[in-house]
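The structure appears right after this line, and notes come after that.
Please treat every number below as a calculation from the coordinates, not as lab data. The structure presented is a predicted model; accordingly, all values stated were derived computationally and were not measured. Counting neighbours? That spans all protein chains shown, and the Cβs are built from the backbone with ideal geometry, glycine included.
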Amino acid sequence: MNPSEDTLRSILQESKGVPSIGRYQILDTLGRGNMGEVFRARDPMIGRLVALKTRRFDLVYEKKDLKFIIDKFFEEARIAGNLIHPHIVTVFDVGQDGDYCFIAMELLDGKNLTSYNKADTLLSHTKVMNLVRQTCVALDFAHSRKVIHRDIKPANLMFTGDDRIKITDFGIAVLTRSTTSDLQVMGTPSYMSPEQTKGVKLTPQTDFFSLGVVFFELLVGRRPFMGRTLYELMENIRYAPAPSLLTFNPKLPPSLDRIIQKALEKEPELRYRNGREFAADIDQVLQGKSVQVRDIKATRKADLLKPIEFFHSFSRKEIVEITRYGTFIRYDKSQVIVREGDVDTTFFILLYGRVRVIKNNRSIADLTKGACFGEMGAINKTPRTAHVIAKEPCLVLKLDFKVLERESPDLKVKFYHVFIQTLVQRLEATTKQLSSYGGSKTTAQPSAETQSEDGSKPLPSAEKTV
């Protein structure tokens, strides 16, 4: 008998009585999902331990859809199998055994990052930076092969025993050259990019946004975008500015906040161009250097602010500085900009469009280009007393007093000065309005253009803002 045949016969005899899928002997379960399980398994042909990812699609999908879904599953194996990189999990094999489809992957010794994204389980910020840097490098490699992961989240990032990151689960990855959009909206909602929530064509920058969310979460123990409902979460991802890291942990390096804010830009073209650039900025912070993130549209942003009357007393240098600390957000009609009851230290300046202030389900005021709102709540740190909603597409600059105080106290003082001037103008306007009644007992009411969000103090109109 041929020695190789004898060896094969011996292996097959040893495997009798052991549960198996394909040729893989099932040893124990690593995890379960709604469509299958992940097992620790052994390849008896070479004695290698593997993670065997299985799926039973027939339990979830209609028969008419099965071929399409199974083809997508094998597409994952094909895509991941071509990505050979130290920080991407290695795929060894793929197959089908009866109703089970399976992928045999590298068995990793470690935990995914869901073990380290809670306030009481956080890793040091230095270790987090190293892990995210490795992820950037791996994504840069995948993107260079025209592959977008589309589901970067803590559960898909394995932290191994030798302090390495391994990206797993390319199950909804897409080739950037693909023209199909049948799965464009798939992903995990909390980590989706704004464009992903809209189902539009994606670029590699969608992975950087998701990684920015993960980065934020690993540093402070909460995600930057939250929502009481899925709809509210989607709205916040699309339109709400990301809060500053330093709001939750002021001891973190300010440069980290700048890096994450760039990753979380709403417009893909304002994020990092590639993973190498993202990783290079992290390297700077790891070396103890300050990072001033280059904004490719800083000049254009400054040009937007200069014509606004609110900024007439600011120098060009100060305006450029403001563009670094502020967040420019586009809102569609009916989007909520300020919610009644929220407490934070941010205020807003309307750069174009029109917004409406609503209190007790009643329209209080319509504000137009140049108006500021929310400053009293920001200064006093009191709950917002009204909603502010976009009445038409608009662009808003959002600024945070905490960030200004930390980064540029002089700029914060300048804003206070402008607000005082604005308040004086409001009082003068109210005094003239009252005097026009000639001592009448009728109480004058502020106009819709000048009444404030809380209904007690008038907000500036576009014509009266200094």
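Is the shape of the stretch 385-427 rounded, prolate or oblate, going by the alpha carbon gyration tensor and its root eigenvalues a ≥ b ≥ c, with a/c under 1.5 for rounded and a/b larger than b/c for prolate?
It comes out oblate by the Cα gyration axes.
Calculate the spin-label point distance for residue 203 paired with residue 146, positioning each point 7 Å from the Cα along the beta-carbon direction, and give it in nanometres.
1.8
Counting only pairs 8 or more residues apart or on different chains, how many lysine pairs in the stretch 110-295 have their Cα atoms under 15 Å apart?
Pairs that pass both the separation and distance tests number 9.
For 191, 416, which order do you get if you count the other beta carbons within 10 Å of each Cβ and list the fewest first?
Neighbour counts put them in this order, fewest first: 416, 191.
How much length is gained if the chain between residue 274 and residue 361 is pulled fully straight, taking 0.36 nm per residue apart and subtracting their Cα-Cα distance, in nm to one decimal?
Extending this stretch completely gives an extra 26.7 nm.
Answer rounded, prolate or oblate for the stretch 41-102, using the Cα gyration tensor with square roots of eigenvalues a ≥ b ≥ c: rounded when a/c is under 1.5, else prolate when a/b is larger than b/c, else oblate.
oblate
Just rank 264, 427, fewest to most, by other beta-carbon atoms within 10 angstrom.
427, 264
Sorted by average packing, counted as other Cβ atoms within 10 angstrom per residue and highest first, what order do 387-397, 83-93, 331-341 take?
Working: 387-397: 19.7, 83-93: 17.8, 331-341: 16.2.
Going from most to least packed, we get 387-397, 83-93, 331-341.
Rounded, prolate or oblate: which fits the stretch 32-178 when a ≥ b ≥ c are the square roots of the eigenvalues of the alpha-carbon gyration tensor, with rounded for a/c under 1.5 and prolate only if a/b beats b/c?
Details: a/c = 1.70, a/b = 1.49, b/c = 1.14.
Judged from the Cα gyration tensor, the stretch 32-178 comes out prolate (a/c at least 1.5, a/b above b/c).
Taking amide hydrogens as modeled 1.01 Å from N in the peptide plane, which residues meet the under 5 Å criterion relative to residue 364, leaving out close sequence neighbours?
Close amide H contacts, sequence-distant or interchain: 357, 358, 359.
Size of the dipole of the stretch 49-94 about the Cα centre, Lys and Arg at +1 and Asp and Glu at -1 on the beta carbon, nothing else charged, in debye to 20?
100
Over all Cα pairs of the stretch 304-392, how is the pair count split among 5 Å bins, expressed in % and running from 0 up to the last occupied bin?
3, 14, 22, 24, 21, 11, 5, 1, 0
Just flag the trypsin sites (Lys or Arg not before Pro) in the stretch 111-147 sitting in loop per DSSP whose Cβ has no more than 12 other Cβ atoms within 10 Å.
118
What percent of all Cα-Cα pairs in the stretch 110-295 falls into each 5 Å bin, going from 0 up to the bin containing the maximum distance?
Using 5 Å bins, I get a P(r) of 1, 8, 18, 23, 22, 17, 8, 3, 0, 0 for the stretch 110-295.
For a quick check: sort 398, 251 by the number of other beta carbons within 10 angstrom, fewest at the front.
251, 398
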